[in-house]
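Structure, as structure tokens:
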Amino acid sequence: MKQTFALVTALFVVLAPLAVAAEPIAIDTTDASPPAPEVTCFEPSESQSTNVTPTFCVNESSTSGPLLSDIMVGCDGSGEYFSESDGSVTVTGTPEPWSVNTSESDYDSGDWNQSIIDTPEEHAYLEEPELHGDTVPDSTATDVTLHASAQPSSIQNITVESEHPYANNYTYTWKISKPGAHQMQLHFDKLSLANGGDTLTIYDDLGRALVCYGGSGSYDNTDFWTAWQTTDTLWVTLVTDNRYTSYGFLIDKIDCRYEKSPSTEHFAESYHSYANNYVHTWKISKPGAHQMQLHFDKLSLANGGDTLTIYDDLGRALVCYGGSGSYDNTDFWTAWQTTDTLWVTLATDNRYTSYGFLIDKVDCRYEKSPPTGHPAESYHSYANNYVYTWNISRSGAHQMRLHFDKLSLANSGDTLTIYDDLGRELVCYRGPDDDTAFWTAWQTTDTLRVRLATDNRYTSYGFLIDKVDCRYEKIPPTEHFAESYHSYANNYVHTWKISMPGANKTRLHFDKLSLADGRDTLTIYDDLGRQLARYSGTASLSYDNTDFWTAWQTTDTLRVTLSTDGRYTSYGFLIDLIETEEGVFTPSQIPAPADLTLHSGWNFISVPRPLAAGNDTALIFTPVETDGRSIFRYDTAAGDWTALDEEDQIAPLEGFWIYSTGPTTVPLNVSTDPLIPPAERVLATGWNAIGITGTTPATARDALFSVSGKWTTLIGFDARRQVFETGIVSGGSKDYVDSRLVYQGKGYWLHMTGPGTLCAVGA
């Protein structure tokens, strides 16, 4: 049968006499003028051993219920047994704190501590037992065992007193010593000082004045304790002037503490109240923890220089309470600290005391960052002295940006810094900072590293990154001549080529050009790499302009380079028109070349449309000075080069290699026969030399639509510089994206994974 024993405030106790030998207190007098009666030693007073005879009762169900009989069998603190049958017991003992426990086989045991200093009647009760099945409670249960033991009181009676009344012009010092004590306090039965200059001062064993009573006006107080003092010796000095006298003083008790800190079931606890001139450190350790915080049930510090300081395992002061004015707080947590060990130091001066502190809970984090379903997230709140880096990577991305659901940083020493994959600092947020729902600038990288670093002062929410946005192409798809992303990215460099073959002069029209403050630039070069124009902001001013033309440039090819630093971004640019001596053109209005322009060296060429009969053979290349070199076509099926004869036909969709000793122009006579069907060409597996048809540039994706899924790579040749261009990859990204433009009149190498038929586009 499961039963419980409930202990109430006035609990059933058996007091038993226990002889307690009080340790002597040495009380000496120091001779000063005039002499005082000599007091050299202390013996416990008679009042200390005066017994009390309380009566204790056990009731049924409640303290007012009927007495239970036949239940009292006990053992007192001296080991002698007693028994009663009427539900009550009277025991004689000394006025001490008593420890009591009760037990019975069918009941839970109970424990109780209380100081008994008079002759009360105390009551306890047994609760009705919890029923199980057919079991019936037995209200006449016996064999309840009671054990009582006296705990020696730390308070002892002494007598240290002045004459009553004291004399004028009197100075005398009493020494009160308790060897082995760590702290002491004195009890005054009475202290009365006359108006004027009469004082009673208490000193410690180092001669420090701990408290002074009197000195201005009269002083009268009875039945009070001094503050606790950290010493085993106190000196009490009475000094009087020659004007008035009064009762003086009587010190009748002394209390001592023999340990530097009290025994406790909690993580750390001071004495209540703490002592003056006291310094002690508690260690709270949780091996394996990465972060810790402490919960104070209560922290109360007196006005003045009393402090409670928390240090980490490296000796860094993390937080300090008190130090100016009083401090009172209850039921609060400290900030999180990055450590597995905290040291709590209470340091007091000699003026006032207060409750002290009680730390009843410790919370720990065992991981450096919290588990999260988001790209990156700190703890909320983050810890002091914390450094951690989150890696956010998106393979294949050319540019990235992050979205913060929230970012909150405490003081200026707390920072969140974002770096790219090369370790370059991209942006740094510094506290105090509070922001929600915002995107970072675009960054040119596929990996971003987010680093939170905090100092040891204050903490805040931290951050939550909930989204990542990526661009997988180096440039955006566009219907214009050239266009950046809006906004462009930091640490970005790209060059757009704008060509009008055969033009003697060109200029560009910007729908808009906007560059951020600093070192972001847009530079225009000619086909020889000479700088023609440069646009940029200044250190304090951005560059913004709309609807404007560049100056005329004597070239048919312009290269536009956007270069940005790592600080700020802006709109970028959009070039929507080009002008030559023949007029203003949009991309869709650029005509196919009427002629083929050849440069010195090898040229990779094609014809954009079917040529007129009689003007469609290799004879059209007769004016070209080839330095004796042949004109070649490539047979993919045979894997062989073939030199052209004069009568070989020159048709669209095929690329030809021709050498020229210098710049020259090959006129084209395009067929106007409306009945000629669109050109087609069968391509073989492997590398094929092809051309592009139509009247305007097209994307590689569109020009090769008829063989989509079968081609992998397209490579052009820059005859001006005699180098192959960067390849275009089907479904590619960054520099290899298949949205790049291809041009009529040029030849291209096209790699096929299988046979297919290439069809003309736009003609």
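Here, each number is a calculation from the coordinates, and none is a lab measurement. All values derive from a computational prediction rather than experimental measurement. Please note: Cβ atoms are built from the backbone with ideal geometry, for glycine as well, and neighbour counts cover all protein chains shown.
Structure above, values below:
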quantity: Residue order, fewest to most beta carbons within 10 Å, for 520, 648; calculated: 648, 520
quantity: Calculated from backbone phi, Karplus (6.51, -1.76, 1.60) coupling profile of region 439-452 in Hz, x at Gly/Pro; calculated: 9, 6, 5, 5, 10, 7, 5, 10, 9, 10, 10, 10, 10, 9
quantity: Relative contact order computed over region 595-688 (Cα-Cα under 8 Å; 6+ residues apart), in percent; calculated: 46
quantity: Shape call, region 507-547: gyration tensor on alpha carbons, a/c limit 1.5; calculated: oblate
quantity: Normalised contact order of region 376-471, rounded percent, pairs of Cα under 8 Å and 6 or more residues apart; calculated: 49
quantity: Neighbourhood net charge (11 Å Cβ-Cβ; Lys/Arg +1, Asp/Glu -1) for residue 728; calculated: -1
quantity: Partner lysines for residue 497 [C-alpha distance under 19 Å; skip if fewer than 8 residues away on the same chain]; calculated: 474, 505, 512, 734, 746
quantity: Partner lysines for residue 253 [C-alpha distance under 30 Å; skip if fewer than 8 residues away on the same chain]; calculated: 175, 178, 190, 298
quantity: Estimated vicinal HN-Hα couplings, Hz - region 351-359 in sequence order (Karplus 6.51, -1.76, 1.60; Gly, Pro = x); calculated: 9, 10, 10, 8, 4, x, 8, 9, 9
quantity: Contact order normalised by residue count of region 155-257, Cα under 8 Å, 6+ apart, percent; calculated: 50
quantity: In sequence order, calculated HN-Hα J values of region 579-587 (Karplus, 6.51, -1.76, 1.60; Hz; x Gly/Pro); calculated: 10, 10, 5, 9, x, 9, 10, 9, x
quantity: For region 186-264 versus region 402-470, the gap between their alpha-carbon centres in whole angstrom; calculated: 60
quantity: Neighbour-count order for 616, 297, fewest beta carbons within 10 angstrom listed first; calculated: 297, 616
